[in-house]
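I have placed the structure first, in the form of structure tokens, so that the comments after it can refer back to it.
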Amino acid sequence: GATIELENLTKRYPGNSDPAVDSVNMEIKAGELVVFVGPSGCGKSTTLKMINRLIEPTSGRIRIDGEDVTDMDPVKLRRKIGYAIQSSGLFPHMTVAQNIALVPKMIGWSKSKTKARVEEMLDLVGLDPAEFHGRYPRQLSGGQQQRVGVARALAADPPVLLMDEPFGAVDPITRDHLQDELIRLQRELHKTIVFVTHDFDEAIKLGDRIVVLRERSHIAQFDTPEAILTN
Ligand code: ADP
Ligand code: ADP
């Protein structure tokens, strides 16, 4: 795992009067699974996008293992962070296998290692590799697309996983299985995971600590599930 530090992290989108994220300070420990839970529009996605450097903060800093993400070269950042989102973000012109192989290829894995990994990841998300590797995203259900998105995020074995409502469209039984897999990856491989959801039960199940957010990412509570349930 890796530590993630947010220091006075702020994002103002042009034209909006209120900041989407306003001076957030937080330290996430290596190997910790932290869940952000809060209403739609409270800045959860914006926070994850800033950590993943998809958008620039207006001010403040983000450090992973002490290193400012703005100083990290893009390949190193891809090695460090796996990112899965609600809409899956799969490239429509690429097959399932090509989508999952994207980051491993980019960071220089061999063809044979990448191919084995693609199959392993499809198994992990409960999709038969023989049936699914050659399909295009449009040939999958919404839930299957999300599962491929999760497989892609995990493919290069990054120490940090950022997951933005990654199981929202997945059927309840598969979701339960994927939640258990995520907990296993964290425990066995010490991944640092930041998981966003609006589902309080999912937050309670997954989180070592839970960040309860109000508007503009104001932190109402940041504590263990046990402490949050008794408050
Ligand atoms: P959440 O993930 O908690 O639903 P978001 O981070 O998506 O919240 O959004 C936080 C706030 O920022 C919302 O008020 C939203 O309307 C606004 N916002 C998000 N993305 C943009 C954008 N690209 N341009 C302008 N405003 C945005
Ligand atoms: P390219 O010729 O650009 O490598 P391919 O379609 O052959 O494109 O494969 C893209 C990636 O998808 C490969 O790097 C490989 O790891 C993976 N891949 C291709 N075919 C399979 C397969 N049958 N099973 C699992 N992974 C595969």
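FYI, it's all coordinate maths here, none of it is from the lab. All values derive from a computational prediction rather than experimental measurement. Counting neighbours? That spans all protein chains shown, and the Cβs are built from the backbone with ideal geometry, glycine included.
Before moving on, here are some points about what is shown:
- Charge tally in the Cβ shell below 10 Å around residue 165, where Lys, Arg are +1 and Asp, Glu are -1, residue 165 excluded: -2
- Scaled radius of gyration (Cα, divided by 2.2 N^0.38 Å) that region 52-107 gives: 1.33
- Global form of region 159-198, assessed from the alpha-carbon gyration tensor, a/c cut-off 1.5: oblate
- Peptide packing for 165-177, 67-79 was compared via the average number of neighbouring C-beta atoms within 10 Å per residue; ordered from the highest value, the list is 165-177, 67-79.
- For the chain, built as a Gaussian network whose Cα springs stay under 10 Å, the top-fluctuating residue of 133, 93, 190: 93
- What separates the Cα centres of region 31-56 and region 135-181 is a distance of 17 Å.
- Every helix of 4 or more DSSP H residues in the chain counts as -39500 (n - 2.57), and over all residues that averages to -11000 deg cm²/dmol at 222 nm.
- Seen from residue 18, the other residues with C-beta closer than 14 Å to its C-beta sum to a net charge of +2, counting Lys and Arg as +1 and Asp and Glu as -1.
- Taking a ≥ b ≥ c as the square roots of the eigenvalues of the Cα gyration tensor, region 78-142 is oblate, since a/c reaches 1.5 or more and a/b is not larger than b/c.
- Burial order of peptide ranges 11-22, 81-92 (average beta-carbon count within 10 Å, highest first): 81-92, 11-22
- Region 111-188 shape via C-alpha gyration tensor axes, a/c threshold 1.5: oblate
- Here, region 1-152 has an Rg and a Dmax of 17.3, 52 Å when only alpha carbons are counted.
- Highest-first packing order for the peptide set 40-53, 105-118 is 40-53, 105-118, based on the mean count of other beta carbon atoms within 10 Å.
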